[in-house]
Amino acid sequence: MTDAPILVTGGAGFIGSNLIDALLAQGHQVRVLDDLSTGKRSNLPDDSRLQFIEGSVADASLVERAVDGCRAVVHLAAVASVQASVDDPVGTHQSNFIGTLNVCEAMRRAGVRRVLFASSAAVYGNNGDGGAVDEDTPKAPLTPYAADKLASEHYLEFYRRRHGLEPAIFRFFNIYGPRQDPSSPYSGVISIFTERAQKGLPISVFGDGEQTRDFFYVADLVSILQQALDVPVVEEGAVNVGLNHATSLNQLLADIGAVSGGLPPVKHLPARLGDIRHSCANNARLLQRYRMPPATEMREGLARLLSS
Ligand code: NAD
Ligand code: UD1
């Protein structure tokens, strides 16, 4: 296939690099814009169909160059850590909000319409109240991260109405799997816990461990993103990406222990400021709009991660 490239911002990161493997396997040309702040060049294969641009989505002229000539954009570049946004709201805003605005504006100028956007369950705050949230649940962004994601959604909808963009907005719940970088305290909890379990290092739980998340395996997400690039029409409105299954951190630790054959010592530290207590997706809209692959259950996903 010799189509125009698909631009993946943040393509050198965890979700982006998993998606790019699948896009290349499908025969697509891919262009990546990534500042390598958390992503790695080594996450990407050496492939003549892949073009890599190092730089920030906060740089409007660079984004314009990256978008030019593309057939679609998958906009993943962002500071992915909620806690990092609490520690550095100004720096985070450049990537997580200004970056989105730059992508919208560059697409408008270049006449590129389809864009997939990585929003987040964080936009609901604690409004789930222990139950599953659907897309119409009132929003309660508790952190700069969540506020930037929600504002980005609103801007994408503005560009849809005013300039004909076709944004497919996904609210990812907690994605996990191979290449999620465990090396920083800002990393996703499963990558940190599994690495520490493998190395026999102590594990820190912030709070009592009874907080819950709806964990979703990255390969299942990639399948949905591939479909969203190809559907003839993107229906309006964001789509939750979760399993409608809540797992507590204490249960997660039990599962990791079962899959890896034991657990190192676990200590409890104070809960993080702005940390959501319970997060679970009502995924009816996802199931209605996309073909959901047979969902990867937690222990199977952990086993695949640990053997990767
Ligand atoms: P990641 O940190 O592995 O990937 C983010 C990528 O973006 C990295 O390669 C990083 O170098 C790049 N990046 C960051 N700021 C940039 C900038 N200003 N310019 C260019 N590149 C930049 O994290 P991930 O888990 O793969 O997250 C991908 C996207 O999905 C993010 O937008 C994140 O907010 C969103 N998301 C992730 C999850 C999850 O559970 N992992 C859930 C909801 C939403
Ligand atoms: C995660 C994603 C965020 C996404 C959101 C959607 C990352 C880094 N964050 O945020 O991009 O928008 O899901 O729901 O991918 N914890 C510990 N010990 C640790 C690390 C974390 O107890 O060493 C706890 C946290 O306090 C939190 C839970 O584990 O209660 C999950 O934390 P984390 O993986 O950072 O994810 P979210 O904050 O849910």
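The values are calculated or read from the model by the stated rules, or taken from the named source; none is laboratory data. Predicted model only: the values in this text are computed from it and were never measured. A quick note on method: Cβ atoms are made from the backbone with ideal geometry, for glycine too, and the neighbour counts reach across all protein chains shown. Note: areas computed on protein heavy atoms with side chains; ligands, DNA, RNA excluded. Shrake-Rupley method; radii C 1.70, N 1.55, O 1.52, S 1.80 Å.
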Residue set Arg171, Arg179; condition in contact with a Ser or Thr (Cβ under 7 Å, 6 or more places away or on another chain), open to solvent by 30 Å² or more (accessible area, probe 1.4 Å) and of a type outside the set (Phe, Trp, Tyr); output residue Arg179
With criteria (1) open to solvent by 40 Å² or more (accessible area, probe 1.4 Å); (2) closer than 22 Å to Asp230 by Cα, His154 comes up short on (2)
Over segment 40-63, the set of residues free of Cβ contacts under 8 Å to residues at least 60 places away in the same chain and in a loop (DSSP other than H, G, I, E, B) is Leu44, Pro45, Asp46, Asp47, Ser48, Arg49, Gly55, Ser56, Val57, Ala58, Asp59
Among residues of segment 91-138 being closer than 28 Å to Pro5 by Cα and in a loop (DSSP other than H, G, I, E, B), the residue most open to solvent (accessible area, probe 1.4 Å) is Arg113
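Between Ala72, Ala80, which is closer than 28 Å to Ile276 by Cα, in the same structural domain as Arg109 (by TED's automatic domain parsing) and either among the β-branched types (Val, Ile, Thr) or in contact (Cβ under 8 Å) with a residue 60 or more places away in the chain (or both)?
Details: Ala72 fails: closer than 28 Å to Ile276 by Cα.
That would be Ala80, the only listed residue that is closer than 28 Å to Ile276 by Cα, in the same structural domain as Arg109 (by TED's automatic domain parsing) and either among the β-branched types (Val, Ile, Thr) or in contact (Cβ under 8 Å) with a residue 60 or more places away in the chain (or both).
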Taking segment 183-218 and the residues there that are more than 23 Å from Val133 (Cβ to Cβ) and touching a Lys or Arg at 6+ places or on another chain (Cβ under 8 Å), the one that is farthest from ligand 2 (Cβ to nearest atom) would be Pro202
If we ask which residues in segment 28-55 are surrounded by fewer than 20 Cβ atoms within 10 Å (Cβ to Cβ) and within 13 Å of ligand 1 (Cβ to nearest atom), their number turns out to be 9
In the set Leu62, Leu36, Leu50, the lone residue that is of a type outside the set (S, T, N, Q), in the same structural domain as Pro232 (by TED's automatic domain parsing), at positive phi and away from ligand 2 (no atom under 16 Å from the Cβ) is Leu36
